[in-house]
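In what follows, a structure is listed as structure tokens, so that the remarks can point back to it.
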Amino acid sequence: MPTAFGVLPLVLDMNAGNGNKMTAHASLLWDDQDVFLVDTGIVGQLDVIRKAMASAGFPFEKLTGVILTHQDRDHIGGLPELLEAKSGSLKVLAHELALPYLAGEIPLVKSGATVKPPLQVDQILQDGDELSLAGGVIVIHTPGHTPDHICLYHKPSRTLISGDALIAENGVLLPPDPQFTPAYEQALSSVAKLCDLEVDTVIAYHGGVCTELVAERLASIAQRQD
Ligand SMILES: [Zn+2]
């Protein structure tokens with residue numbers, strides 16, 4: 001592995017159907033005991049994930065866990081195949097509000113589909129939780145894009161894994177996409193919570209890494225000046 005612990009984006013190129021290509025920026029968090037993948041892409045991604053991990057210097061065999069930022073299908077779709085490939089020896093972490101959706105008890109917010117087979121969560125996350133993973137990761141509940149949405153803040157590197165609470169374009173941080181964010185006002189209030197953090201780098205699932213003017217961009221998005 002590249003260093004003793006850390007975080008990095010894991011670029012997943014996927015076929016989003018109808019010949020449309022999509023690039024997602026999942027993340028890896030690792031230390032000497034664990035390698036966790038944050039978000040799993042769409043269905044049919046196992047090979048893409050394996051290859052992306054291998055080229056980042058992480059053999060797939062080392063993967064020990066998955067953290068889901070939220071219930072959307074381009075984030076949870078790859079999880080069943082990952083669980084199968086690891087014969088169940090993969091820890092799954094998600095926010096407590098994601099549980100009934102992942103368990104197939106209530107339909108997913110956006111698609112209305114029911115998750116089948118049900119996905120089990122091994123560790124339930126809540127706002128403010130601090131994981132010892134990768135030198136320290138703070139869970140921030142950021143509802144709006146979906147009710148269960150979380151962001152992850154990697155303290156040692158001051159990196160924010162934003163999921164879909166923010167997007168990026170050409171290295172510029174942008175508000176979440178209104179088209180896919182039903183509770184938009186709530187989503188912007190959630191961005192305001194992120195302004196309290198000292199963030200040097202953001203990994204946005206849709207759009208990738210931002211390092212320029214991050215604090216300024218967070219503030220202006222939260223203040224609805226964007
Ligand atoms: Zn989403």
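Points worth noting:
- Qualifying positions in the stretch 42-53 - surrounded by 15 or more Cβ atoms within 10 Å (Cβ to Cβ) and over 13 Å from VAL11 (Cβ atoms): ILE42, VAL43, LEU46, ARG50
- Candidate set from the stretch 54-67 (those that are out of contact with any Lys or Arg (no Cβ under 8 Å at 6 or more places or on another chain) and over 22 Å from THR142 (Cα atoms)); member that is least open to solvent (accessible area, probe 1.4 Å): PHE58
- Some residue of the stretch 112-129 being within 16 Å of the ligand (Cβ to nearest atom) and closer than 29 Å to ALA215 by Cα: no
- From VAL48, VAL121, residue being among the β-branched types (Val, Ile, Thr), assigned to a helix (DSSP H, G or I), touching a residue at least 12 places away in the same chain (Cβ under 8 Å) and within 23 Å of SER162 (Cα to Cα): VAL48
- THR146 in contact with a helix residue (DSSP H, G or I) (Cβ under 9 Å, 6 or more places away or on another chain) and open to solvent by less than 20 Å² (accessible area, probe 1.4 Å): yes
- When each of ALA187, ALA204 is tested for being modelled with pLDDT of 95 or more, within 16 Å of the ligand (Cβ to nearest atom) and either open to solvent by 40 Å² or more (accessible area, probe 1.4 Å) or more than 15 Å from the chain's Cα centre (by Cα) (or both), the lone residue that passes is ALA187.
- Pick from the stretch 68-93, criterion in contact with a His (Cβ under 9 Å, 6 or more places away or on another chain) and either closer than 14 Å to PRO117 by Cβ or not hydrophobic (A, V, I, L, M, F, W, C) (or both), ranking: modelled with the lowest pLDDT: ASP74
- Residues that are closer than 17 Å to ARG158 by Cα, crowded, with 18+ Cβ neighbours inside 10 Å and either at pLDDT below 95 or more than 16 Å from the ligand (Cβ to nearest atom) (or both) within the stretch 207-226 comprise CYS210, VAL214, ARG217, LEU218, listed in sequence order.
- Of all residues in the stretch 22-45, those satisfying the criterion of being touching a residue at least 60 places away in the same chain (Cβ under 8 Å) and outside any strand (DSSP E or B) are ASP31, ASP34, ASP39.
- Residues of the stretch 68-110 that are assigned to a helix (DSSP H, G or I) and either within 16 Å of the ligand (Cβ to nearest atom) or crowded, with 20+ Cβ neighbours inside 10 Å (or both): ARG73, ASP74, HIS75, ILE76, LEU79, LEU82, LEU97, ALA98, TYR101, LEU102.
- Residue check for ILE167: within 16 Å of the ligand (Cβ to nearest atom), open to solvent by 10 Å² or more (accessible area, probe 1.4 Å) and among the aliphatic types (A, V, I, L, M): yes
- Subset of the stretch 50-75 that is touching a helix residue (DSSP H, G or I) at 6+ places or on another chain (Cβ under 7 Å) and among the β-branched types (Val, Ile, Thr) - its residue that is farthest from TYR205 (Cα to Cα): VAL66
- Identity of the residue in the stretch 32-65, among the β-branched types (Val, Ile, Thr) and more than 16 Å from the ligand (Cβ to nearest atom), that ends up farthest from ILE124 (Cα to Cα): VAL48
The values are calculated or read from the model by the stated rules, or taken from the named source; none is laboratory data. Note that the structure is a prediction, hence the values are computed from the model and not measured. FYI the Cβ positions are ideal-geometry reconstructions off the backbone, even for glycines, and counts take in every protein chain you see. Accessible surface is based on the protein model in full, side chains and every heavy atom, while ligands, DNA and RNA are left aside. Shrake-Rupley method; radii C 1.70, N 1.55, O 1.52, S 1.80 Å.
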